[in-house]
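Visitor: Below is one structure. I have some questions about it.
The values are calculated or read from the model by the stated rules, or taken from the named source; none is laboratory data. All values derive from a computational prediction rather than experimental measurement. Using ideal geometry, Cβ is built from the backbone for each residue, glycine included, and neighbour counts are taken over all protein chains shown.
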Amino acid sequence: MYQEFAKVYDKFMELADYDEWHDFVSYVIEGNNPGGKTLLDLGCGTGEVLKRFLEEYECTGVDISEDMLLVTREKLNDLGKDVPLLCQDMKELSLDKKYDIVISLFDTVNHLVSIGDLEKLFERIKIHLNTKGIYIFDVVDRNFMDEMFPDGFFIDQREDMTVIWEHYFEDQLDCIETTFFVEEKEGLYKKYREKHIKKIYTHKEIQEAAEKSGLHVENIYEESSLAGERFFYVIKK
Ligand SMILES: C[S@@+](CC[C@H](N)C(=O)[O-])C[C@H]1O[C@@H](n2cnc3c(N)ncnc32)[C@H](O)[C@@H]1O
């Protein structure tokens, strides 16, 4: 997962306004745990959000994909920043530090494919949060998926890249097979393929998983201007 995709992720995300993501998350932090000093980006990907928090927080990045972390590492080196970046599965997170703020953005949590995995994640979060610490993550819901894939396909045609998404169900999970054609030289396209499996959680499932792990949902923000309708959860001990 996120191997081939790592090579084209930033290109694919060029339409995402990460400054706005940073500003929205800052607003959520301000409303729930102002004054925090340490931030962990869980599922940091290519580091676009992480790098925007470096001035304000002492940051750490974690991702399951070494290929995504490689991109982040290069970016942070170019910025002259020395930030701990670790390759770990978030549901087995094990760091020797606790954090004031933990974030998982751009539906990273939808990559966990069972309620058991979600509970494992929350258990790890509980261990890694300071007393007043908060975990902020966004998920997409069934409406989002239905609107994105009304006929099982979504085609994103750009000047120098075409992305074809094929959506189907497997064991009640959402499977998304993505094919990228990226222009390397004029008229010459390279093909990349990757499959992602996502689970769409209900609010009740998230709430119950949090409570089972000794956490609680402090707030839910519904946000539609960043990248379709998303639900941002704030979870606390
Ligand atoms: C949609 S990307 C989001 C990346 C980044 N947060 C952003 O906003 O651009 C999801 C990221 O979560 C990572 N990921 C998926 N499952 C994970 C897991 N179990 N543990 C840690 N990272 C995971 C992927 O490797 C990928 O980098």
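Visitor: Kindly indicate which of Leu70, Leu118, Leu86 is at pLDDT 95 or above, in contact with a strand residue (DSSP E or B) (Cβ under 7 Å, 6 or more places away or on another chain) and either part of a strand (DSSP E or B) or within 14 Å of the ligand (Cβ to nearest atom) (or both). Let's see the steps before the verdict.
Guide: Values: Leu70 fails: in contact with a strand residue (DSSP E or B) (Cβ under 7 Å, 6 or more places away or on another chain); Leu118 fails: in contact with a strand residue (DSSP E or B) (Cβ under 7 Å, 6 or more places away or on another chain).
Residue meeting the stated conditions: Leu86.
Visitor: Criterion first (closer than 18 Å to Asn130 by Cα, within 10 Å of the ligand (Cβ to nearest atom), not assigned by TED's automatic domain parsing to the domain that holds Lys190 and not polar (S, T, N, Q)) does Ile64 satisfy it? Spell out how you get there, then give the answer.
Guide: Numbers: closer than 18 Å to Asn130 by Cα: no; within 10 Å of the ligand (Cβ to nearest atom): yes; not assigned by TED's automatic domain parsing to the domain that holds Lys190: yes; not polar (S, T, N, Q): yes.
Against the criterion (closer than 18 Å to Asn130 by Cα, within 10 Å of the ligand (Cβ to nearest atom), not assigned by TED's automatic domain parsing to the domain that holds Lys190 and not polar (S, T, N, Q)), Ile64 does not qualify.
Visitor: Considering each of Glu184, Glu218 in turn, give the residue that is at pLDDT 95 or above and in contact with a Lys or Arg (Cβ under 6 Å, 6 or more places away or on another chain). Break it down into steps so the answer makes sense when it comes.
Guide: On the way: Glu184 fails: at pLDDT 95 or above.
Criteria check complete, one pass: Glu218.
Table: residues versus (1) more than 8 Å from the ligand (Cβ to nearest atom); (2) basic (Lys, Arg).
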| residue | (1), (2) |
| --- | --- |
| Tyr2 | no, no |
| Lys7 | yes, yes |
| Lys11 | yes, yes |
| Tyr18 | no, no |
| His22 | yes, no |
| Val28 | yes, no |
| Gly35 | yes, no |
| Leu40 | yes, no |
| Gly45 | no, no |
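Visitor: On to the next question. Keeping to segment 3-18, report how many residues are in contact with a helix residue (DSSP H, G or I) (Cβ under 6 Å, 6 or more places away or on another chain) and either part of a helix (DSSP H, G or I) or surrounded by 17 or more Cβ atoms within 10 Å (Cβ to Cβ) (or both). Don't jump to the end; show me each part of the working.
Guide: To start, the set of residues in segment 3-18 that are in contact with a helix residue (DSSP H, G or I) (Cβ under 6 Å, 6 or more places away or on another chain) comprises 3, 6, 18.
Subsequent filtering for residues that are either part of a helix (DSSP H, G or I) or surrounded by 17 or more Cβ atoms within 10 Å (Cβ to Cβ) (or both) retains 6, 18.
Result for segment 3-18: 2.
Visitor: From Lys97, Lys51, which residue is within 12 Å of the ligand (Cβ to nearest atom) and touching a residue at least 12 places away in the same chain (Cβ under 8 Å)? Write out each step before concluding.
Guide: Details: Lys97 fails: within 12 Å of the ligand (Cβ to nearest atom).
Criteria check complete, one pass: Lys51.
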